[in-house]
Every structure is written in structure tokens, then in C-alpha cells.
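S.K.: My questions all concern the structure below.
The values are calculated or read from the model by the stated rules, or taken from the named source; none is laboratory data. Just so you know, these numbers come straight off a predicted model, no measurement behind them. Note that we place each Cβ from the backbone using ideal geometry, even for glycine, and neighbour counts take in every protein chain shown.
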Amino acid sequence: MTYKLTWLLLTMLLLAISSVADAQNESRASRRRRHMQQNDSVAVTTSDSIEAANQEQLTQLQSPVVIDVKEADSVKLPKQWIPNPTKATWMALVFPGGGQIYNKKYWKLPIFYAGFAGCAYALTWNNRMYKDYAAAYKDAVNNNWTAKSITELIPARYMARVSKTQITELLKKRKDSYRRYRDISVFAFIAVYALSVVDAYVDAELSNFDISPDLSMRVEPTVIDNQWSSKGGLSNQSVGVQCSLRF
């Protein structure tokens, strides 16, 4: 009797342990299924969001671009300043360097003003020396050898060594030389003035000249056919240089 009771208790205990193990296994399998379903749902959601984003970008690319004409017209580009050649010429004539100031080429002003200053200095110096030698030559012709105009220009030692005729010729030669230098200085001043006027006009005229890369000149060797040659064969051809201009 005791043996049977013990066997019954063991059997019931094994059944209880087996049921508990089955329950735990079923719980683990259930959690695993739920986890897999969550992963599948996340993967589906991610793929759907990526597909939706790609579809939106494709729609934006395929959609026509609408340009607001009013807004584009309201944006004004800065107006390019183009000088007037006539006005630049008149300003250069009235005021030396005025044409360069009008054309906004200020870097040219020191060049022209240096030319004007140099010519003015040369003109003043040569004119003063011409007047001094002209007065000395006049006194020498009148035999006034003690005049201040002669003694300031000719040293006393030189006057004692040479004759008065040679001194008179020397004074005349130097007088003529300084007069020629004075005249050259006047022409140089006029040339610098005219150059400033021409530069102002040309600079204003070429301010809107096309200097794009399409303007080019190409020089290359070539073979020229001589149709007027009386000889046949290769003598009809000659080697030359070809110059091509591209506008």
C-alpha cells in the first residue's frame, strides 16, 4: 500500500514538472513570436517610409518648375556705367586730366601730370637761360664786356684766355640752343596735352568693346596652291604662313 502511494505521488510530481516546463516553453515561444512580429512591423514601416520619401522626391523632380515672372522682373541687375566719348573729350580739353577722371581711370593721372610738370619745368628753365644768354650776347655785340650779364655767365679766367670774337660766338650759340630747347619744350607740352585728350576719347569709345574669348588670331604655317604657276607637279604649291582671325 505504501509502495503504491509513493509511486502515485512521484507520478503526479513528474506530471506537474512536465506541465510547468511545457508552460515555460510555450511562454518563450510566444514571446519569440511577438518579437519577430515587432521586427517585421518595424522593417515594413521603415521600407514604407523610404519608399514614400523616394516617391516624394521623384514627384518633386517630375513636377514643372514655376518661375514667378513678376518677382524676376523686380530683381534689377546693377547698371553698367558706360562713359560718353564726346563728354570725355570736352572734359579733357577744358581741364588737363579731366577726361581720365570722367572715365574713372585714376591711375593714368600721375602719368599725365608728371608729363605736364616735366614739360613746364623744361620750358621755364630753357626760357630763363635763353633770356640770360640773349642779354649777354647783346652786351657783347655792343662791346659792353663789363656788364653783369656777361660776367655771371662767362668765368673771368676763360675770358682772359680766349678772344672776344670767340666769346661772342659762344654766347650766340648758347642763346640759339636754349631757344631751340624752349621751343621743343612747348611742343612737348602740347603733345602731352593732345595725348591726354586722345586717350580720354579712345578709352571712352572702347569702354564697351567686346573682349570675349571668341576674339582671337591664329598664325600657322600652311601650304599655298599657286594657280598661276606655268610649271606642273609640285611646283604649283609653296609653303607660307596663314593668319586667321576669329570674330
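S.K.: Just give me the residues in segment 105-117 being touching a residue at least 12 places away in the same chain (Cβ under 8 Å) and over 15 Å from V202 (Cβ atoms), in sequence order.
M.R.: If the condition is that a residue be touching a residue at least 12 places away in the same chain (Cβ under 8 Å) and over 15 Å from V202 (Cβ atoms), then L109, Y113, G115, F116 are the ones that fit.
S.K.: Follow-up question, since we're still on this one. Hey, any hits in segment 175-187 for a residue that's modelled with pLDDT of 95 or more, of a type in the set (S, T, N, Q) and closer than 29 Å to A88 by Cβ?
M.R.: Yes, that holds for at least one residue.
S.K.: Given the structure, is W125 among the hydrophobic types (A, V, I, L, M, F, W, C), assigned by TED's automatic domain parsing to the domain that holds Y201 and within 28 Å of L206 (Cβ to Cβ)?
M.R.: No.
S.K.: Please identify the pairs in which a residue from segment 81-104 that is on the phi > 0 side of the Ramachandran plot and at pLDDT 90 or above has its Cβ atom under 7 Å from the Cβ atom of a residue that is surrounded by 14 or more Cβ atoms within 10 Å (Cβ to Cβ) and outside any loop (DSSP other than H, G, I, E, B), counting only partners at least 6 apart or on another chain.
M.R.: G97/L109; G97/F112; G97/Y113; G97/S196
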